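Trainee: The structure is given below, and queries will be raised subsequently.
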Amino acid sequence: MSYTLFISDLHLDPARPEHLAALERLLEEHAGKTDALYVLGDLFEAWIGDDDDAPFNRQAIDAFRRFSDAGSALYFMHGNRDFLLGEQFAAQCGGQLLDEGTVVDLYGTRALLMHGDSLCTLDTAYQQFRALARNPQWQQAMLAKPLEERRAIAQGMRMQSQGNNANKAENIMDVTPEEVVRVMNEAGVKHLIHGHTHRPAVHEVPLSGGTGTRWVLGDWGDLSWWIIADDQGLRLESKGISE
């Protein structure tokens, strides 16, 4: 049976080795069986550059390489935590980077793929940061800093983000419905797959050409989440992180 998998928001971190172990099990289970795996952002809690040679990062790269060497295609999309993921990382994994807003054909069903952070338009402070962090000149300046300095900056940014989010209203941190409708109509699709919000669900979306579906991947906490697509459609699934 031909099928494709989608995951996002693993937030891999050396402090949580069980999540990398769960990813390794998922990759081993589906290597050479699934047509493709799409990682839709925030694979890592923080990624400070492809030159970061930490053993934890190497372990993740090696797991992806075994998966891709078995014959399954592998794609990565940037998230708000790992926007510095580069071509070197993708190549070492045997995969390739995808642009935000890529449309793929899933066995006759067209789907729009996003990380999801750009859909949260009411969070104006975050959108300003996002525009800065995606700027090539800003990224080059960041990558030019020594590794240890980048590690300290990333730690500071994580703490600031946690503090900021604690004071934000729930609706500001979720997607803006009008923006969802806009991007789906613009792409001409009935299906949107994204992560970022950590609110796994399947939503109906009123589109100009009928009703669409928004598929939201969950973050990997106590559960691992994925979407499977085949010729029967799409399904959102999960299981315990240690299973």
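Trainee: What tally of residues in the stretch 76-103 results from selecting those that are in a strand (DSSP E or B) and either open to solvent by less than 20 Å² (accessible area, probe 1.4 Å) or closer than 16 Å to residue 24 by Cα (or both)?
Mentor: 2
Condition check ((1) part of a helix (DSSP H, G or I); (2) in contact with a helix residue (DSSP H, G or I) (Cβ under 6 Å, 6 or more places away or on another chain); (3) at pLDDT 90 or above; (4) at positive phi) across all residues:
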| site | (1), (2), (3), (4) |
| --- | --- |
| 118 | yes, no, yes, no |
| 122 | no, yes, yes, no |
| 127 | yes, no, yes, no |
| 131 | yes, no, yes, no |
| 138 | yes, yes, yes, no |
| 142 | yes, no, yes, no |
| 149 | yes, no, yes, no |
| 154 | yes, no, no, no |
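Trainee: How about the stretch 43-63: which of its residues are out of contact with any strand residue (DSSP E or B) (no Cβ under 9 Å at 6 or more places or on another chain) and among the acidic types (Asp, Glu)?
Mentor: Scanning the stretch 43-63 gives 50, 51, 52, 53, 62.
Trainee: Just to be sure, is residue 59 part of a helix (DSSP H, G or I), in contact with a Leu (Cβ under 7 Å, 6 or more places away or on another chain) and of a type outside the set (A, V, I, L, M)?
Mentor: In short, yes.
Trainee: Now a separate question. Among (1) open to solvent by less than 50 Å² (accessible area, probe 1.4 Å); (2) in contact with a Lys or Arg (Cβ under 8 Å, 6 or more places away or on another chain); (3) within 30 Å of residue 2 (Cα to Cα), where does residue 115 come up short?
Mentor: Checking residue 115 against (1) open to solvent by less than 50 Å² (accessible area, probe 1.4 Å); (2) in contact with a Lys or Arg (Cβ under 8 Å, 6 or more places away or on another chain); (3) within 30 Å of residue 2 (Cα to Cα), the one that fails is (2).
Trainee: Do you know which residues across the stretch 220-238 are in a strand (DSSP E or B) and free of Cβ contacts under 8 Å to residues at least 12 places away in the same chain?
Mentor: The one that is in a strand (DSSP E or B) and free of Cβ contacts under 8 Å to residues at least 12 places away in the same chain: 235.
Trainee: Mind listing whichever residues of the stretch 214-240 are open to solvent by less than 30 Å² (accessible area, probe 1.4 Å) and more than 20 Å from residue 34 (Cβ to Cβ)?
Mentor: Those that are open to solvent by less than 30 Å² (accessible area, probe 1.4 Å) and more than 20 Å from residue 34 (Cβ to Cβ): 214, 216, 221, 240.
Trainee: Would you mention how many residues in the stretch 130-143 are under 20 Å from residue 77 (Cα atoms) and more than 18 Å from the chain's Cα centre (by Cα)?
Mentor: Here the count works out to 9.
Trainee: Exactly one of (1) at pLDDT 95 or above; (2) in contact with a strand residue (DSSP E or B) (Cβ under 7 Å, 6 or more places away or on another chain); (3) part of a loop (DSSP other than H, G, I, E, B) is unmet by residue 71. Its number?
Mentor: With (1) at pLDDT 95 or above; (2) in contact with a strand residue (DSSP E or B) (Cβ under 7 Å, 6 or more places away or on another chain); (3) part of a loop (DSSP other than H, G, I, E, B) applied to residue 71, the lone miss is (2).
Trainee: Please enumerate the residues belonging to the stretch 11-32 that are part of a loop (DSSP other than H, G, I, E, B) and closer than 17 Å to residue 65 by Cβ.
Mentor: 31, 32
Trainee: Just checking, how many residues over the stretch 190-213 are assigned to a strand (DSSP E or B) and open to solvent by 20 Å² or more (accessible area, probe 1.4 Å)?
Mentor: So the answer is 10.
Trainee: Give the residue that is nearest to residue 49 (Cα to Cα), with candidates limited to residues of the stretch 123-142 that are of a type in the set (A, V, I, L, M) and surrounded by 12 or more Cβ atoms within 10 Å (Cβ to Cβ).
Mentor: Ranking the qualifying residues of the stretch 123-142, first place goes to 142.
Trainee: Further question on the same structure: Among the residues of the stretch 59-76, write down those that are of a type in the set (Lys, Arg) and over 11 Å from residue 89 (Cα atoms).
Mentor: 66 - this is the single residue of the stretch 59-76 that is of a type in the set (Lys, Arg) and over 11 Å from residue 89 (Cα atoms).
The values are calculated or read from the model by the stated rules, or taken from the named source; none is laboratory data. Computed from a predicted structure; not experimentally measured. Backbone-built Cβ (ideal geometry, glycine too); neighbour counts: all protein chains shown. Note: areas computed on protein heavy atoms with side chains; ligands, DNA, RNA excluded. Shrake-Rupley method; radii C 1.70, N 1.55, O 1.52, S 1.80 Å.
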